[in-house]
1. Considering the chain, what Rg and Dmax in Å follow from its alpha-carbon atoms?
2. Place the peptides 195-207, 231-243 in order of packing, highest mean first, counting for every residue the other Cβ atoms within 10 Å and averaging per peptide.
3. For residue 237, what charge total do you get from the other residues with a beta carbon under 14 Å from its beta carbon, if Lys and Arg give +1 and Asp and Glu give -1?
4. 222 nm [θ] for the chain, helices only, -39500 (n - 2.57) per DSSP H run of 4+, per residue, to 500?
5. Relative to the present Cα-Cα distance, how much length would full extension add between residue 277 and residue 248 at 0.36 nm per residue of separation?
6. Tell me which trypsin sites (Lys or Arg not before Pro) from the stretch 52-125 have a DSSP coil assignment and no more than 15 other beta carbons within 10 Å of their own.
7. Keeping all protein chains in place, calculate the accessible area per residue for the chain (probe 1.4 angstrom), answer in Å².
8. Under a Cβ-only charge scheme (Lys and Arg +1, Asp and Glu -1), can you give me the dipole magnitude of the stretch 199-262 about the Cα centre, in debye to the nearest 20?
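The values are calculated or read from the model by the stated rules, or taken from the named source; none is laboratory data. In this text the structure is predicted, and so the values were computed from the model without any measurement. Don't worry about glycine lacking a Cβ; one is built from the backbone with ideal geometry, like all the others, and counts go over all protein chains shown. What goes into the accessible areas is simple: the full protein's heavy atoms, side chains included, and nothing from ligands, DNA or RNA. Shrake-Rupley method; radii C 1.70, N 1.55, O 1.52, S 1.80 Å.
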Amino acid sequence: MEEKNIQHDCSRGCQVERTHMGDLQCTMDYSCSKLATFDWMEEFRDVQCDNLFEVRFKNTHKGFFKNDSDIFLKIGDIVAVEATTGHDIGFISLAGPLVLKQMKRHKINPETYEFKKIYRKAKLLDLEKWQEAIAREHQVVIRSRQIAASEGLQMKIGDVEFQGDGTKAIFYYIADERVDFRRLIKLFASEFCIRIEMRQFGARQEAGLIGGQGVCGQELCCSRWMADFTSVTTQAARIQDLSLNPQKLAGQCSKLKCCIDYETPVYMNAQKDIPAVSQPIETEDGPVYLVKTDVLKGTMWFSYEQNSMTNMIPVQAVRVKEMIRDNSQGKKVPPLREKPKNNGEQNGFRSAAGEESITRFDNRTKNKRRKNNLKKNGPQKQ
């Protein structure tokens, strides 16, 4: 069997194959499609959005386009679309009523949004130019970083995306402060002979572009489905009683993990039923101190020793409220620890000291030796 020359481009979610006749074939690879969306409205039809499509470009770059030419298009088709200058090449990643849902998610009003056009299905010449432009990206990234470093600019160029016709490139960069890159654009334009566009993005967006797996074993949320990023603070970790260890709380972007915010509302709801204990609770056999709280189970753990996690006693939050109320009325609550049982029994253990003589095994040893001698020598005559 002939080996097929197939290349996988995971940044664009496609497979590129060169046939034995020299023709170029590109197909969409659904296994490595970032920010992919399951079309659960595939069987529904809406005349309002029959000509609306979502087109995916490199990594998480997507756009919404309109098919004014009434060309028959479906998900997975490679199309040439309108760009600011020239045209771009991308995959149709979504079609039908779900496009309107996606636009609503990105806070785009379909009635006022200016849709760009889908020109045609990509031809062989379009694919050839597209692949030539993609082949330049790696070297351009390396060279652009060298130029930026020589200019002494405090910025990091994370990625470069070439337009489908090869006439323009988008440089994605990260910078903590404002950067004056007017001179840098002129250097890039003269070096690469293309139009330049600079786009700033954050560390979280960079992690989404690169991709990878999180500690949960699944693909990163920022690469798989997240499009809007909210600020995550250590307060969310404190609410969940998580260890404030930067190595455990930080994700691959070196920022606090986005998933810390997922369960925060649940913990905030559960904490409404947890009473605030600001001082020791007085019991009949001494004060008890709060050691830790299981918010979801509604259990609070107390100890008779301050700042110690030994001999902790679990108490339900409802009971703790009653204890605080009794203390506020000047009453001491019954002791939390159970009294030791009689006969020296405590915590299910019983002392065996003094029950039998220390020489209780001597007779058993003598009898065992006598039986062994009888087996070896037989019965002795008297």
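1. Computed over the Cα atoms of the chain, radius of gyration and Dmax are 35.8, 123 Å.
2. On the way: 195-207: 17.2, 231-243: 14.0.
Per-residue Cβ counts within 10 Å, averaged per peptide and sorted highest first, yield 195-207, 231-243.
3. On the way: positive: 238, 248, 255, 257; negative: 241, 261, 263.
So the surrounding residues net to +1.
4. Details: 10 runs with 103 residues, N = 382.
Theoretical 222 nm ellipticity from helices: -8000 deg cm²/dmol.
5. Numbers: separation 29, 0.36 × 29 = 10.44 nm, distance 2.86 nm.
Contour length minus Cα-Cα distance gives 7.6 nm.
6. Details: sites: 56, 58, 62, 66, 74, 101, 104, 105, 107, 116, 117, 120, 121, 123; in loops: 58, 74, 107, 123.
Sites meeting the loop and neighbour criteria: 74, 107, 123.
7. On the way: 25560 Å² over 382 residues.
Ligands and nucleic acids excluded, the result is 67 Å² per residue.
8. Numbers: 7 positive and 5 negative charges, 24 e Å.
In total the dipole reaches around 120 debye.
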